[in-house]
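A.B. asks: Below is a structure I'd like to ask you about.
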Amino acid sequence: MPDHPTFKFVKEAYPASKLQATEFRAQPTLIVPAADLHPIMAFLRDDPRCSYNFLSDVAGIDYLNYPAKTLGRFAVVYNLLSYARDDRFFVKVFLDPTLATDGTADDPGLYVDSVCDLWPGAEWPEREVFDMLGIRFRNHPDLRRILLWEAYPGHPLRKDYPVRGRGEREAYEVIDRTSA
């Protein structure tokens, strides 16, 4: 078990939760079940021993064909920072698709709770993870695409998405200055 003190505080507060802890290059990561994410994130923000008051980033990862065994195909990683201690802490949630689709369907296995109510700055990074990977965030105030148009047929950062696309570029209407 890594020795970062935050691991102990979370384990004491959530003894029934199946938590995993890891540390790489002095960077601690807590792996939590998706169902426990929101209360644990609130604890990390509100408990004075933790006091992770800044959400630096939210990132999505696709582990398709990853050489090592993972707990799920997708992961959402939260990068937290405590200004009081100048301490960084990562929280990771693994998700597995429950439908065999091309990524355009609404998959119930790819839902996780939004942390926008805890850190309002999570709104845009969560939208980006949704847009690029198709992971949906429950209770998000405005979950819609942020980089691609609303009718875009897929999620391009998924590793099973074709490198050349699905014909979007060929069907895209080019508008120049004279026709605008």
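The values are calculated or read from the model by the stated rules, or taken from the named source; none is laboratory data. Owing to the predicted nature of the structure, the values given are computational and were not obtained by experimental measurement. Here Cβ is always computed from backbone atoms with ideal geometry, including for glycine, and neighbour counts include all displayed protein chains.
A.B. asks: Let me spell it out: the conditions are (1) at pLDDT below 90; (2) surrounded by 15 or more Cβ atoms within 10 Å (Cβ to Cβ), and R136 meets all of them except one. Which number is the exception?
C.D. replies: (1)
A.B. asks: Related question: Show the residue pairs meeting these rules: Cβ distance below 6 Å; 6+ apart or different chains; first residue within region 30-46 and within 15 Å of F90 (Cβ to Cβ); second residue among the polar types (S, T, N, Q).
C.D. replies: I31/Q20
A.B. asks: Which of the following residues is farther than 23 Å from R136 by Cα and hydrophobic (A, V, I, L, M, F, W, C): F54, F7?
C.D. replies: Unique residue meeting the criteria: F7.
Here is a yes/no grid of residues against (1) among the acidic types (D, E); (2) at pLDDT below 95; (3) touching an Asp or Glu at 6+ places or on another chain (Cβ under 6 Å):
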position	(1), (2), (3)
A75	no, no, no
R85	no, yes, no
K92	no, no, no
G103	no, yes, no
G109	no, yes, yes
P120	no, no, no
G167	no, yes, no
E173	yes, yes, no
A180	no, yes, no
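A.B. asks: Take region 20-50 and flag every residue that is among the hydroxyl-bearing types (S, T, Y) and either surrounded by fewer than 17 Cβ atoms within 10 Å (Cβ to Cβ) or in contact with an Asp or Glu (Cβ under 6 Å, 6 or more places away or on another chain) (or both).
C.D. replies: Result: T22, single match.
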